[in-house]
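Please treat every number below as a calculation from the coordinates, not as lab data. What you see is a predicted model; the values in this text were computed from it and never measured. Positions of Cβ are backbone-derived with ideal geometry, glycine not excepted, and every protein chain shown enters the neighbour counts.
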Amino acid sequence: MEPAIPAGIDDIDDEWLSQAMGSPARITGITDIGTGVGMIGAIYRATLEGDGPDTVVLKMPGLDETARFTAQILRLNIREVGFYRELAAESPIRVPHCHFGGVDVETHQFVLVLEDVGSYRAVSQIEGMGRADAEQAVDEMAAWHAHWWGKAGPIVERGTAMAIHDPIYPMLLPPVFSDGWAKVRGAMSVPRVVETVADGWVEALPEMLGSLATTPSTLVHGDYRADNMFFDEEGRVVLLDFQVIGQSMPVGDLAYFVTGSLSPATASEIEPGLYERWRRALATEGIPESELDGMWDVYRGAALFCVCYPMIAGAGMDLTDERQRGLLEATFERFERAADELSLTDLL
């Protein structure tokens, strides 16, 4: 019998974890490792004694009420547990082993007990990713997109992912965006172009969603960024965080990655090359060239859409926290670069 889903970290003890992992485990310590990194979920590392791993990672609902509300409305917890239960085994990108995952579909309370991959090399999203790592990440992104190319519909129907054309997005995103924008604007200075785009973003939302909802579609990761990746000994990606997997035009993942995880200087130098590299990798995976035509314009629209992420995340962030504030500042600086070089304000 599966263990009950705990209400909070204090409910996880030796007995619960032993039942979840299927072998005796004794907890010698639990450390919060999510503050300043996890924007929706609460993330902990448990140090163990016993015959199993020395550590595991525990993921549970975040403590911020805004974040918990967003997670419930967008079924984020259901999606992530569903990914580990249904899709992780076939992922072309390595993901942590899931020892246990459970979610209450009524309350959206959830817990994941995951392999701790924190010993692998991480790249700070604030510092930005270099060319070699970015190229590797894009190659593996293309493999992910190709694997589920045209196959995301049944996953959406099962409730494990959400389509970008789901009516919840145009209903939920405008008020959450507006609340986040008001909070961020009141707490920090932002580039002028961010103000211009943010003020017109809600009005432009239907067209942006529409462009991403066309075919061809695939299963997108939705949060493909440096803070959700490690690199193993062979330089391959170990990917985390599957709360926003969905059905969409695949180029949205690429635009989000480039505009969020590369410094302005690096993005200026390699953005066109990364786009072409992604196209070539998809073609190598067997995706017809005819299905890849015209995606650059969609890429630009997806980059414009990306300004929503710091606003939505900012609504539930502690902007007095140095790390969280630094992440927003870096994101705005990178969006400013994209807006200039991709002429994004022309799309409003």
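Values of log10 I(q)/I(0) for segment 271-320 across q = 0.14, 0.16, 0.17, 0.22 Å⁻¹ run -0.53, -0.61, -0.65, -0.82, by the Debye formula with one identical scatterer at each alpha carbon and no solvent.
Among residues other than Pro24 whose Cβ falls under 11 Å from its Cβ, what is the net charge (Lys/Arg +1, Asp/Glu -1)?
On the way: positive: Arg26; negative: Asp14, Glu15, Glu49, Asp51.
Cβ neighbours under 11 Å give a net charge of -3.
Mind pulling the angle between the C-alpha long axis of helix 264-284 and the longest principal axis of the chain? Nearest 10 degrees, somewhere in 0 to 90. So the helix axis and the longest Cα principal axis differ by about 80 degrees. Helix 251-261 axis versus longest C-alpha principal axis of the chain: approximately 80°, rounded to the nearest ten.
Please give the charge dipole size of segment 37-129, origin at the Cα centre, charges +1 on K and R Cβ atoms and -1 on D and E Cβ atoms. Round to the nearest 20 debye.
Working: 8 positive and 13 negative charges, 54 e Å.
Once rounded to the nearest 20, the dipole reads 260 debye.
Compute the signed sum of charges (Lys and Arg +1, Asp and Glu -1) over the other residues within less than 9 Å, Cβ to Cβ, of Gly235. Charge balance in the 9 Å sphere: -2.
If you add up the charges near Arg45, with Lys and Arg at +1 and Asp and Glu at -1, over every other residue whose beta carbon is less than 11 angstrom from its beta carbon, what do you get?
Numbers: positive: Lys59; negative: Asp32, Asp54, Asp116.
Net charge in that neighbourhood comes out at -2.
I'd like to know which of Thr31, Thr214, Val138 lies farthest towards the positive end of the charge dipole of the chain, counting +1 on Cβ of Lys and Arg and -1 on Cβ of Asp and Glu. The listed residue farthest towards the positive side: Thr214. Taking the C-alpha atoms only, the angle from helix 322-341 to the longest principal axis of the chain is near 30 degrees. Only Lys, Arg, Asp and Glu carry charge here, each on its Cβ (+1 for the first two, -1 for the last two); on that basis segment 121-347 has a dipole of about 260 debye about its Cα centre.
What translational diffusion coefficient, to the nearest whole µm²/s, does the chain have by Stokes-Einstein, given a Kirkwood radius computed over alpha-carbon pairs, a temperature of 37 °C and 0.692 mPa s viscosity?
Working: Rh = 20.6 Å.
For the chosen part, D equals 159 µm²/s.
Under 5 Å between amide hydrogens, built in the peptide plane, is the criterion, and for Leu348 it picks out nothing among residues at least 5 positions away or on other chains.
Is segment 1-131 best put as rounded, prolate or oblate by its Cα gyration tensor, with a ≥ b ≥ c the root eigenvalues, rounded for a/c under 1.5, and otherwise prolate when a/b is larger than b/c, oblate when not? Each step should come with its number before you reach the end.
Details: a/c = 1.39, a/b = 1.10, b/c = 1.26.
Rounded is the answer for segment 1-131, as its axis ratio a/c remains below 1.5.
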